[in-house]
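Report on one structure; see the data block that follows.
No lab work stands behind these numbers, since they all come straight from the coordinates. All figures in this text were calculated on a predicted structure; none of them were measured in a lab. Glycine gets a Cβ as well: all are built from the backbone with ideal geometry, and neighbour counts include every protein chain shown.
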Number of protein chains: 2
Amino acid sequence: MSEVTATDLYEVTMALSYLREDMRAAATFSLFVRELPPERGFLVAAGLEPALDRLARFLVDRSDVEAFARVLGRPVAEVEPLRGLTFDGEVRAVPEGRLVLAGEPLVEVTAPLPQAQLVETCLLSLLCHQTAVASKAARCVLAAGGRPLVDFSLRRAHGPEAGLQAARLCALVGFAGTSNVAAAQRYGIAGTGTMAHSYVEAFPSEEQAFRAFARAHPGPVTLLVDTYDTDRGVATAARVLRELGLGPGCGIRLDSGDLAGQARRARAVLDGAGLTEVQIVASGGLDEYAVAALVRQGAPIDVFATGTKVGVADGAPSLDAAYKLVEYDGRPVMKLSAGRATAPGPKQVFRGPGLRDVIGLANEEPPEGTEPLLRTVMRRGLRVEPPDTLAAARARFEADVALLPEEARRIEAPVAPRPTPSTRLAALTTVVRHRVEARTAASDAP
Amino acid sequence: MSEVTATDLYEVTMALSYLREDMRAAATFSLFVRELPPERGFLVAAGLEPALDRLARFLVDRSDVEAFARVLGRPVAEVEPLRGLTFDGEVRAVPEGRLVLAGEPLVEVTAPLPQAQLVETCLLSLLCHQTAVASKAARCVLAAGGRPLVDFSLRRAHGPEAGLQAARLCALVGFAGTSNVAAAQRYGIAGTGTMAHSYVEAFPSEEQAFRAFARAHPGPVTLLVDTYDTDRGVATAARVLRELGLGPGCGIRLDSGDLAGQARRARAVLDGAGLTEVQIVASGGLDEYAVAALVRQGAPIDVFATGTKVGVADGAPSLDAAYKLVEYDGRPVMKLSAGRATAPGPKQVFRGPGLRDVIGLANEEPPEGTEPLLRTVMRRGLRVEPPDTLAAARARFEADVALLPEEARRIEAPVAPRPTPSTRLAALTTVVRHRVEARTAASDAP
């Protein structure tokens, strides 16, 4: 599949029309999330790095033109004007890891109209779900209160590519490792893994399984203890670990049932066997609610493994994101659709203390004591800086989280801060609204 | 990213241990969904075709071995035994499009244990989310009651690859088209698309936008009428279509607000202008609940476009699926984990009338009046039949849906039929449970 054809067909029909009308002036589109989902007190900006990679190599080639023509049912010659089109515009964006709120642009693209339109689907498809997953993972980090988390999401993510991204996003917000080999390799994340129930079942007994695992993997091992009877599994694991002289770096994993109770009993058994350094890893459908409950209950769990629910951004698997034209050829524009009006003009977000943000115009002076969030990351289709690192994104995330008010941090019923429009943005919105309404009314005349 | 490294690390550590212990006997794993999500009265089996493609080309090559070694932090030589491993086992599976219920195997894999284990993550990652998305899309088809649906999910799906699959799965359950160019091209689905609000805003007026679109696209067009004021947009669209002599095959699209009310007023305006053949397309966050409500209200909507909520399988973005060892070296096995016990032995599903299914053993005779669901689709790592077609899968879906009881079909609070275990499966489960419990108790002795 060509990356360029991973697009909604209407981007193609619109671009063809723009070219026909010679509408190649600069257009600015703003990509933002209209409203935060009910269970989110903030969002974590994510997906920008993969999106910039995509834009940098964007090129409509011969095979793309043929695909467009075939799907449109039109002769190739009629689609030929799109051939050779690249992205050579400017991108201003919130770097990955920063927190963003409702209505705040994650990305603003300024480019000749056909280009800026043609990259819409690609940008939405990369940024929306990655921001959704990073935001879910971030809540797990908050819930864990400093205990390490690892990512087990690959098998339930929406395909291998989504799993790869989920592992990266978990690392971005501070997870300590991932089970995903491809992600560990590509992004330099620590690989982590234990054994499955099938492994234990394939041996005549749990004890034989544990011993065989240790034979194959010299050094620390983590043993899955709940295949049959968890308390017995813990006792068996403790005996095997002790007899093999293992301890530090080793762990046992609990994957079902009453995790808090089992962990408490397991801790006592391990400590009783002198295995005070053996860690307890918990998994099995964990999300921020389950992690928070286990922490609240004082469960002696050392590592939380989250999977399914983080990988699919359970609770908010999509965001109400939009990619909206805000200026064309120097003219600010907006839509007025019922309940979905947009604000005109290129924008900037000014971050105030406690995430009291102001959304203003791109060319405004920052209000006193605020910091602009959007940076120019691409000019004439080229990155202006070397690719970002996960460590840098994580540092930004941690710095922003430290500013987050308590009601936005909390797991249950969070309340997100609401950015306010600047005086200049509010004034421009009023002016453009009146202009558009007047024009629409006029065109209604018979 | 190598396909083989898109795996959980523990598959690798387990496979290495199996090879070390010379445990290469045949293992059967069963992939099934434990329980249906609350809002699902059935699931649609999906993802098999891509999964078989993946298995057929499965090969652990040199670069995979190097990646495994790096992530494990071990010398390449220690991982070398995995090199050259392919999948040459047998696969029995429910063909795509058939309905499946809780506990019914979607796929059973029988292969030498290391192979059967190594393909776990790949199978789960392809089958789980595709079955989730197909099941969501199927509910939209039921809700639409025969009116056509089109897929607009690409921009909110979990990445371009997930969007490609979503378009395919929508077509599989009967959608009439997709906005996704890559999917239209690859799977031969009708491409569909209109225009965005940005297109309308880029022109000085709505009317100029509509006329420009028609100039660029001779033949039927669909005009988006809700950028500013929907009623005025409809009037403008009607005027433009009439003046250009367009009608049959054309449409208007409503994307926000009170869709039923707007559609009713739009229909009156269009009909009043003699444009009785111009269709009304509705979009904007639609799912099976919204579609069912619009149908119930008698809204004169001709085509429903669903996107976000279908693409992410909203409401059930993941399924509680498992890939469990059920037999190793001729010995049926099971796990007993609290609340997550599995049933032993290779299985077959016997479909009875009204989806009164019996889950039995693979070597049982089908009960009177039932049909076995799992077919052998791969032997010695090779497909036994040519690749399946979307049309065949759709025909299976339609035939099974016709058998579905009313309480499972309904959109609100559906009740899924519950399969029952056969007498032989129940007996085997009891025997194996006792054997495992006895053994676990014995190993607990000091």
Run the reach check for B:Lys324 against lysines, Cα to Cα strictly under 17 Å, same-chain hits fewer than 8 apart removed. What comes back? B:Lys335, B:Lys347
So, counting K/R as plus one and D/E as minus one, what does the shell of residues with Cβ under 12 Å around A:Arg424 add up to? -1
Kyte-Doolittle mean at least 0.0, axial Cα span of 27 Å or more - DSSP H helices of chain B: B:120-144, B:423-443
Once you put a point 7 Å from the Cα of A:Ala426 and another 7 Å from the Cα of A:Ala413, both along the Cβ direction, what distance in nm separates them? 3.0 nm
If you put a point 7 Å past Cα along the Cβ direction, how far is that point for B:Pro353 from the same point in each other copy, in nm, smallest first? 7.6
Taking amide H atoms as placed 1.01 Å from N in the peptide plane, list the residues 5 or more away in sequence, or in a different chain, whose amide H sits under 5 Å from that of B:Thr420. B:Asp357, B:Val358, B:Ile359
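A:Ala293 to B:Arg239: FRET efficiency via 1/(1 + (r/R0)^6), r the Cβ-Cβ distance, R0 45 Å, to the nearest 0.05?
0.15
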Label geometry 7 Å along the beta-carbon vector: B:Ala392 inter-copy distances in nm: 5.2
Given a Förster distance of 22 Å, report the FRET efficiency between A:Ala395 and A:Tyr187 from their Cβ-Cβ distance, rounded to the nearest 0.05. 0.90
Shielding by partners for A:212-219, please: the mean number of other protein chain Cβ atoms within 10 Å of each residue's Cβ. 5
Once you list every other residue whose beta carbon is under 12 Å from the beta carbon of B:Phe29, what net charge do they have if Lys and Arg are +1 and Asp and Glu are -1? -3
Spatial separation of Cα centroids for the stretch A:289-318 and the stretch B:8-80, in angstrom: 25 Å
Order of A:Cys250, B:Cys170 from fewest to most other C-beta atoms within 10 Å? A:Cys250, B:Cys170
Please rank A:Met195, A:Met14, fewest neighbouring Cβ atoms within 10 Å first, as an exposure proxy. A:Met195, A:Met14
Counting other C-beta atoms within 10 Å, and keeping those with at most 15, which DSSP coil GluC sites (Glu not before Pro) do you find in the stretch A:18-112? A:Glu35
With both bridge residues required to lie in chain B, what share of the DSSP beta bridges run antiparallel, to the nearest 5%? 65 percent
Taking every residue in B:21-30, how many Cβ atoms of other protein chains lie within 10 Å of its Cβ, on average? 2
Output row for A:Pro248: copy-to-copy label distances, label 7 Å along Cα→C-beta, ascending, in nanometres, one decimal, is 8.3
Restricting to Cα pairs under 8 Å and 6 or more apart, the percent relative contact order of chain B works out to 22 percent
In a GNM of chain B with a 10 Å cut-off on Cα contacts, which of B:Ser422, B:Ser318, B:Ser198 has the highest mean-square fluctuation? B:Ser198
Could you check the simple spin-label distance between B:Glu3 and A:Arg435, using points 7 Å along Cα→Cβ, in nm with one decimal? 5.4 nm
What distance in nm lies between label points placed 7 Å from Cα along the C-beta direction at A:Arg211 and A:Ala176? 3.0 nm
Share, in percent, of DSSP beta bridges within the protein assembly as shown that are antiparallel, nearest 5: 65 percent
Mean per-residue count of partner chain Cβ within 10 Å for A:69-75 equals 4
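Hey, what did the stretch B:143-311 get for relative contact order, percent, Cα under 8 Å, at least 6 apart?
Details: 303 pairs, mean separation 45.3, N = 169.
RCO, the stretch B:143-311: 27 percent.
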